[in-house]
Amino acid sequence: MQLDILHAINEDRAARRVVVVVTNVDNGAQRLVRAGDIANDPLRDTIEKRVRMAKSGMEETADGRVFLTVHVPSPRLVITGAVHISQALAPIAALLGYDVTIVDPRTAFASIERFPDVKVIAEWPDVALPPLNIDRYTAFVALTHDPKIDDPALKHALARDCFYIGALGSRKTHAKRVARLKEAGLTDLDIARIHAPIGIDIGAISPPEIAVSIMAEITLRLRVKQEKAEAA
Amino acid sequence: MYARDEDILKAAEDWRKAGRGVAVATVVETWGSAPRPVGSNLVIDNDGNFLGSVSGGCVEGAVVTEAIDVIDSGKPKMLEFGVADEAAWQVGLSCGGTIRVYVEKVS
């Protein structure tokens, strides 16, 4: 491995960018494939699949056996609303390897007693969210039901291209939300990216069951190609 | 503390920049029950210092020895470790699996 390749890997990892190293284990040849180069790479289909699954591994190619080292940023989950669903969602997401942050300016909700092991920020989204540097390896979930808190956070999550964006609320609540977001200048395309009603329909009733349905939908979005996920 | 893979690779870069001979070992294939997943790294310097792991401590010693050869020769090597047999001094995996480890020099 060339030192400059190693340096580039470390730089990309630190900046939370995808990077893949292709090593021919028969002849030692090695190249770096950065996120923007994947579409033009001869192994693009294999690389895309491996990046989606975050899985390194060996492949047989016309040029010999190659090992693909896949570096993807670890996923994060940002939630607005230190509510009952969040109390179940945060530990489930943590189990699945997500770095979880909850934002809620209502200090009575965002208490350490209710969330002993979670990063909770008792601030408004416009203060709390920008420093988090949320990105496309972040899932965002709006759970407060309060437009003053959820709406600005949703706009931020859309602008940062989160891989999953979900908002709690009935169809009626969501229709009102859509009207407000359109009023604020968001396009139909933006709004279509918000999963509402939130979660996969598993007939969830209790907050923990709803948390499971949300986490299942986030996993589907993370792991399965978009077209397939929409058909599911 | 170098607990995570990204820190291990950062250490490899820092060691090389400090003028030390460095090799990176990567688990590239596993069969059966293997202690560390594909992609796990061990970084080694020419004095035998190492960080990370490619097994639960079963074969690291052998990988470090081979890595020092790789640093000297500059030629990458593919190593394979299977289950330890009755010869107690032979390195192997007590868990019963087989792993293949690719060792390359940082040049």
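What are the pairs with Cβ atoms under 7 angstrom where one residue, in region A:203-216, is free of Cβ contacts under 8 Å to residues at least 60 places away in the same chain and the other, located anywhere, is part of a helix (DSSP H, G or I) and among the β-branched types (Val, Ile, Thr)? Sequence gap at least six, or different chains.
Partner pairs satisfying both residue conditions: A:ALA204/A:ILE210; A:ALA204/A:VAL212.
With the structure loaded, tell me whether A:GLY28 is under 21 Å from the mean Cα position of the chain (by Cα), surrounded by fewer than 18 Cβ atoms within 10 Å (Cβ to Cβ) and not aliphatic (A, V, I, L, M) or whether it fails that test.
Numbers: under 21 Å from the mean Cα position of the chain (by Cα): no; surrounded by fewer than 18 Cβ atoms within 10 Å (Cβ to Cβ): yes; not aliphatic (A, V, I, L, M): yes.
It is false that A:GLY28 is under 21 Å from the mean Cα position of the chain (by Cα), surrounded by fewer than 18 Cβ atoms within 10 Å (Cβ to Cβ) and not aliphatic (A, V, I, L, M).
Determine which member of the set A:ASP26, A:ASP37 is in a loop (DSSP other than H, G, I, E, B) and either away from chain B (no Cβ under 12 Å) or farther than 18 Å from B:ARG16 by Cβ (or both).
On the way: A:ASP37 fails: in a loop (DSSP other than H, G, I, E, B).
Unique residue meeting the criteria: A:ASP26.
Between B:VAL43, B:VAL24, B:VAL83, B:VAL103, which is in contact with a Ser or Thr (Cβ under 9 Å, 6 or more places away or on another chain) and modelled with pLDDT of 90 or more? Explain how you work it out, then say what you get.
Numbers: B:VAL43 fails: in contact with a Ser or Thr (Cβ under 9 Å, 6 or more places away or on another chain); B:VAL24 fails: in contact with a Ser or Thr (Cβ under 9 Å, 6 or more places away or on another chain); B:VAL83 fails: modelled with pLDDT of 90 or more.
Going through B:VAL43, B:VAL24, B:VAL83, B:VAL103 in turn, the sole match is B:VAL103.
Taking region B:39-62 as the region of interest, how many residues are in a loop (DSSP other than H, G, I, E, B) and either in contact (Cβ under 8 Å) with a residue 40 or more places away in the chain or open to solvent by 50 Å² or more (accessible area, probe 1.4 Å) (or both)? Full working, then the answer.
Taking region B:39-62 and keeping what is in a loop (DSSP other than H, G, I, E, B), we get B:39-40, B:46-49, B:53-59.
From what is left, the residues that are either in contact (Cβ under 8 Å) with a residue 40 or more places away in the chain or open to solvent by 50 Å² or more (accessible area, probe 1.4 Å) (or both) are B:46-47, B:49, B:54-57, B:59.
Residues that pass the stated criteria total 8.
Identify, please: which residue in region B:22-35 is of a type outside the set (Ser, Thr, Tyr) and within 12 Å of another protein chain (Cβ to nearest Cβ) and is, among those, most open to solvent (accessible area, probe 1.4 Å)?
If we filter region B:22-35 for residues that are of a type outside the set (Ser, Thr, Tyr), which is where we start, we get B:22-25, B:27-29, B:31-32, B:34-35.
Still in the list and also within 12 Å of another protein chain (Cβ to nearest Cβ): B:22-25, B:27-29, B:31.
Details: B:VAL22: 0, B:ALA23: 0, B:VAL24: 2, B:ALA25: 0, B:VAL27: 0, B:VAL28: 4, B:GLU29: 41, B:TRP31: 103 Å².
Checked region B:22-35; the qualifying residue most open to solvent (accessible area, probe 1.4 Å) is B:TRP31.
Take the residues of region A:40-70 that are farther than 20 Å from B:VAL101 by Cα and within 14 Å of chain B (Cβ to nearest Cβ): which is least open to solvent (accessible area, probe 1.4 Å)?
For region A:40-70, the residue satisfying everything is A:VAL51.
Select from region A:89-105 the residues that are at pLDDT 95 or above and open to solvent by 20 Å² or more (accessible area, probe 1.4 Å) and list them in ascending order. Write out each step before concluding.
So in region A:89-105, the residues at pLDDT 95 or above come out as A:89-93, A:100-105.
Listed by number, the residues that qualify are A:PRO91, A:ILE92, A:PRO105.
Report yes if some residue within region A:33-46 is touching a Gly at 6+ places or on another chain (Cβ under 9 Å) and among the small types (Gly, Ala, Ser); otherwise report no.
Within region A:33-46, none of the residues are touching a Gly at 6+ places or on another chain (Cβ under 9 Å) and among the small types (Gly, Ala, Ser).
Could you tell me how many of the residues in region B:63-80 are loosely packed, with under 12 Cβ neighbours inside 10 Å and part of a helix (DSSP H, G or I)?
Total satisfying the criteria: 1.
Hey, does region A:5-21 have a residue that's open to solvent by less than 40 Å² (accessible area, probe 1.4 Å), more than 12 Å from chain B (Cβ to nearest Cβ), in a helix (DSSP H, G or I) and within 21 Å of B:PRO37 (Cβ to Cβ)?
Taking region A:5-21 as the starting set, the residues that turn out to be open to solvent by less than 40 Å² (accessible area, probe 1.4 Å) are A:5-6, A:8-10, A:12, A:18-21.
Now restrict to residues that are more than 12 Å from chain B (Cβ to nearest Cβ): A:18.
Going one step further and asking which of them are in a helix (DSSP H, G or I), we end up with none.
No; the residues of region A:5-21 include none that is open to solvent by less than 40 Å² (accessible area, probe 1.4 Å), more than 12 Å from chain B (Cβ to nearest Cβ), in a helix (DSSP H, G or I) and within 21 Å of B:PRO37 (Cβ to Cβ).
Has region A:133-145 got any residue that is in contact with a Gly (Cβ under 9 Å, 6 or more places away or on another chain), in contact (Cβ under 8 Å) with a residue 40 or more places away in the chain, of a type in the set (Asp, Glu) and closer than 21 Å to A:MET215 by Cα?
Taking region A:133-145 as the starting set, the residues that turn out to be in contact with a Gly (Cβ under 9 Å, 6 or more places away or on another chain) are A:139-145.
Those left that are additionally in contact (Cβ under 8 Å) with a residue 40 or more places away in the chain: A:139-145.
So of that shortlist, the ones also of a type in the set (Asp, Glu) come out as none.
No, every residue in region A:133-145 fails to be in contact with a Gly (Cβ under 9 Å, 6 or more places away or on another chain), in contact (Cβ under 8 Å) with a residue 40 or more places away in the chain, of a type in the set (Asp, Glu) and closer than 21 Å to A:MET215 by Cα.
Among the residues of region A:167-199, which ones are of a type in the set (Ser, Thr, Tyr) and over 18 Å from A:HIS145 (Cβ atoms)?
Hit for region A:167-199 is A:THR187, nothing else.
Select from region A:106-138 the residues that are open to solvent by less than 50 Å² (accessible area, probe 1.4 Å) and either of a type in the set (Phe, Trp, Tyr) or more than 28 Å from A:MET53 (Cβ to Cβ) (or both) and list them in ascending order.
Taking region A:106-138 first, the residues open to solvent by less than 50 Å² (accessible area, probe 1.4 Å) are A:110-111, A:115, A:118, A:120-122, A:125, A:128-129, A:132, A:134-135, A:137-138.
Result: A:ALA110, A:SER111, A:PHE115, A:VAL120, A:ILE121, A:ALA122, A:PRO125, A:ALA128, A:LEU129, A:TYR137.
Mind checking whether some residue in region A:176-193 is under 21 Å from A:ARG223 (Cα atoms) and surrounded by 14 or more Cβ atoms within 10 Å (Cβ to Cβ)?
yes
Going by what's in this entry, would A:ASP161 be described as within 24 Å of A:SER213 (Cβ to Cβ) and at pLDDT below 95? Spell out the reasoning first.
Working: within 24 Å of A:SER213 (Cβ to Cβ): yes; at pLDDT below 95: yes.
Here the answer is yes, as A:ASP161 does meet what is asked.
Confirm whether B:TRP31 is at pLDDT below 90 and out of contact with any Pro (no Cβ under 9 Å at 6 or more places or on another chain). Step through it out loud before you land on a result.
Values: at pLDDT below 90: yes; out of contact with any Pro (no Cβ under 9 Å at 6 or more places or on another chain): yes.
For B:TRP31, the condition - at pLDDT below 90 and out of contact with any Pro (no Cβ under 9 Å at 6 or more places or on another chain) - is met.
The values are calculated or read from the model by the stated rules, or taken from the named source; none is laboratory data. Being a predicted model, the structure only gives us computed values, none of them experimental. FYI the Cβ positions are ideal-geometry reconstructions off the backbone, even for glycines, and counts take in every protein chain you see. Ligands, DNA and RNA are stripped out before the accessible areas are found, and what is left, the full protein with its side chains, is counted by its heavy atoms. Shrake-Rupley method; radii C 1.70, N 1.55, O 1.52, S 1.80 Å.
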